[in-house]
Amino acid sequence: MTQPPKHDPDYNYGYLDEATKRMLRRSLLKAIAIPGYQVPFASREMPLARGWGTGGIQITAAIIGPDDTLKAIDQGADDTTNAVSIRRFFARVTGVATTEETTKASLIQTRHRIPEEPLRDGQILVYQVPLPEPLRKLIPSESETRKIHAWAEYGPIYVRLYEDIAQYGEVTSTYSHPILVNDRYIASPTPIPKFDNPKMHMSPALQLFGAGREKRLYAIPPYTKVKSLDFEDYPFTLQRWDEPCALCGSTTSYLDEVIINDANERMFVCSDTHYCETRRGEGHEGPQLTKAQSVHLTGSAP
Amino acid sequence: MIEQAPLLRVQNVTRLYGGRVGCRDTSFNLWPGEVLGVVGESGSGKTTLLRSLAGFEPPDEGTIHFRRGEKDHDIYALDEANRRAMMRTEWGMVHQNPRDGLRLDVSAGGNIGESLMARGDRHYGKMRARVTDWLQRVEIDSSRIDDSPKSFSGGMQQRLQIARVLVAEPRLVFMDEPTGGLDVSVQARLLDLLRVLVRDLHLAAIIVTHDLAVARLLTDRLIVMKDGHIIEEGLTDQILDDPHHAYTQLLTSAVLSA
């Protein structure tokens, strides 16, 4: 854990002004009260481009308190540009402690992954959402999709699954697989891999979703039913890998394919860097750990 | 037929576009299993009337009652959720242009399947079987099931649209110029198909057309419209063989062999 830096006094606490934070909290309360329902909110300009995570950052800014410990991940990694920048941004505008450890964080802002380590009571997971409307590709009209959500006329969304099975023999979506929240609203789980969808079901953590460009918030409260859409004869399935993580040997985590040279050699490694490092620290060793060290794939951990 | 209650009761329906008249003071009944033709020149209010009846445009005056079970529902007094539910399950609309009634970026099977998924079907295998069955019924080779409707001819697209509507097992079908824009031989086959389907499924249908041959072939009863009004109404053969109104006489005499 890094030493908490001081809050930069040139900025209001959490960067946003107090009225904006209150507006966001009100919208969040509504979102939590109606799980999966997209609540419009007055998205603000942030010091980065819309579509780069402004929705998640605004939620974090509205709810972060001085006692919080923040973790930021980008595609599972703690050490990529986006994650590092978000962590530094909040360290500067709030002075809160930051961490890479999933269990120590009270607030986790994520882009497109849920940590491998199970979340617990009291933790909050904030997602950055590019496209909050799961029906948009089929139905361009916003007034029409609102009616469809209002009356739960969810037939058209299954066309997407039907087309996949008809053309490829299986549901080919690997990310952003639509979910039914609390048996009522269909929501987009953001572009998290569908591998992570089951982790949303009955999660003890509060899950908040922010789409800054599209100006929508939604939420999955703790211990809420989340079902991934499927057909009765084509149940929801997860992708599998033929080999374990090359670094830590995990057979249960989500793996990224990494090309390591121009001789077409590749390895599969955990996308959750903290999880992978922790396992290596505990003595687990993957089949290609030495090779990975030689191409600097192992990060800072042992 | 007489002792049954009407499926659709249309009373004094008026639809105005600003000062212009779409249709005015239109009243008629439609009984279950009956095929009603609406004929008239273009601009006479046929399509306006049809869109009002099908739930797309509320009339400015008048009421439209649809019979479901033992009850008559005033379709525009229902809230929108219920009206949309009835539009999905009780009746369907075949558009003049198949591109208005189909999803062109979804396969033929997906287009028909969507109607099934909309009513709650969630079993792929069963849906697939029904879709295949319906493709055959509208005489589309079932090997085209996964092809895009974009690759279909105009006549095939129209038949696909009909399958998409009929697979939901509606009791009433609205058709707006179903054979418009098709060449004569394709028209003839489509009409033949429609006639068989309507009789087999005991469907009620309202068919808007300006083609008296279509009306003669498909419909039991005919309404003639001019300038937004119904000017003549009766059995199809009666009207076509012995037209009373001057305009209807003009209409029938303008056709070579209706």
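Worth pointing out:
- Protein-only accessible surface order, largest first, of B:ARG67, B:ARG88 at 1.4 Å: B:ARG88, B:ARG67
- Based on Cα contacts under 8 Å between residues 6+ apart, chain A shows a relative contact order of 20 percent.
- Each other residue within a Cβ distance under 15 Å of B:TYR247 adds +1 if Lys or Arg and -1 if Asp or Glu, for a net charge of -3.
- Note: relative contact order over segment A:141-293, using C-alpha pairs below 8 Å and six or more positions apart, is 16 percent.
- Translational diffusion coefficient (Stokes-Einstein; Kirkwood radius from C-alpha pairs) of segment A:240-302 at 37 °C, 0.692 mPa s, in µm²/s: 286 µm²/s
- In chain B, helices alone account for a calculated mean residue ellipticity at 222 nm of -11000 deg cm²/dmol, with every DSSP H run of four or more residues adding -39,500 (n - 2.57).
- Antiparallel %, DSSP beta bridges [both residues in segment B:118-258], to 5: 55 percent
- The protein assembly as shown - share of DSSP beta bridges that are antiparallel (%, nearest 5): 55 percent
- Degrees, to the nearest 10: B:80-89 long Cα axis against longest axis of chain B: 70 degrees
- With the Kirkwood sum run over all distinct C-alpha pairs, segment A:131-210 has a hydrodynamic radius of 13.6 Å.
- Here the Gaussian network model covers chain A, with springs between Cα atoms less than 10 Å apart; of A:ARG280, A:ARG113, A:ARG266, A:ARG266 fluctuates the most.
- Near B:ASP220, once Lys and Arg are set to +1 and Asp and Glu to -1 for all other residues with Cβ below 14 Å from its Cβ, the sum equals +1.
- Antiparallel %, DSSP beta bridges [both residues in segment A:35-136], to 5: 15 percent
- Within the listed set A:LYS227, A:LYS137, A:LYS21, the Gaussian network model of chain A (springs between alpha-carbon atoms below 10 Å) gives the highest mean-square fluctuation for A:LYS137.
- Per residue Cα convex hull volume in Å³ - calculated over chain A: 150 Å³
- Once the Cα atoms are used to define both axes, helix B:154-166 deviates from the longest principal axis of chain B by about 90 degrees.
- Here the translational diffusion coefficient of the protein assembly as shown follows from Stokes-Einstein with Rh set to the Kirkwood radius across Cα pairs; for 25 °C and 0.890 mPa s it amounts to 89 µm²/s.
- The GNM of chain B, with springs linking C-alpha atoms under 10 angstrom apart, assigns the highest mean-square fluctuation among B:ALA213, B:ALA204, B:ALA246 to B:ALA246.
- Summed over the residues of the protein assembly as shown and divided among them, the accessible surface reaches 45 Å² per residue at a probe radius of 1.4 Å.
- Angle of helix B:108-118 to the longest C-alpha principal axis of chain B, folded into 0 to 90 degrees and rounded to 10: 80°.
- If you take all other residues with their beta carbon under 9 Å from the beta carbon of B:GLU34, and give Lys and Arg +1 and Asp and Glu -1, the sum is 0.
- With N the number of residues in segment A:43-201, Rg(Cα) / (2.2 N^0.38 Å) evaluates to 1.15.
- Descending principal axes extents, chain B, alpha-carbon based, whole Å: 54, 45, 40
- Average Cα contact separation per residue, chain B, under 8 Å, 6 or more apart, as relative contact order %: 25 percent
- Segment B:1-107 - convex hull of the alpha-carbon atoms, volume per residue in Å³: 142 Å³
- Taking only Cα atoms of segment B:52-195, radius of gyration then Dmax in Å: 16.0, 48
- For segment A:1-114, fraction of C-alpha pairs farther apart than 16 Å, in %: 60 percent
- Estimated FRET transfer efficiency when R0 is 35 angstrom, pair A:ASP67-A:LYS147 (beta carbons, to 0.05): 0.25
- Cβ-Cβ FRET estimate between A:GLU243 and A:LYS104, R0 fixed at 41 Å, reported to 0.05: 0.85
- Within chain B, the longest run free of GluC sites (Glu not before Pro) that sit in a DSSP loop with at most 10 other Cβ atoms within 10 Å is B:71-258.
- Of all accessible heavy-atom area on the protein assembly as shown, the percent that carbon and sulfur account for (1.4 Å): 50 percent
- Chain B and chain A together bury an accessible surface of about 1900 square angstrom, both sides counted, with a 1.4 Å probe and no ligands or nucleic acids included.
- Nearest-10 value in Å² for the accessible area of A:MET46, using the 1.4 Å probe: 20 Å²
The values are calculated or read from the model by the stated rules, or taken from the named source; none is laboratory data. Given the structure is predicted, the values throughout are model-derived calculations rather than measurements. Because the Cβ atoms are built from the backbone with ideal geometry, glycine has one as well, and the counts that use them run over all protein chains shown. Just the protein is used for accessible areas: all its heavy atoms, side chains included, with ligands, DNA and RNA removed. Shrake-Rupley method; radii C 1.70, N 1.55, O 1.52, S 1.80 Å.
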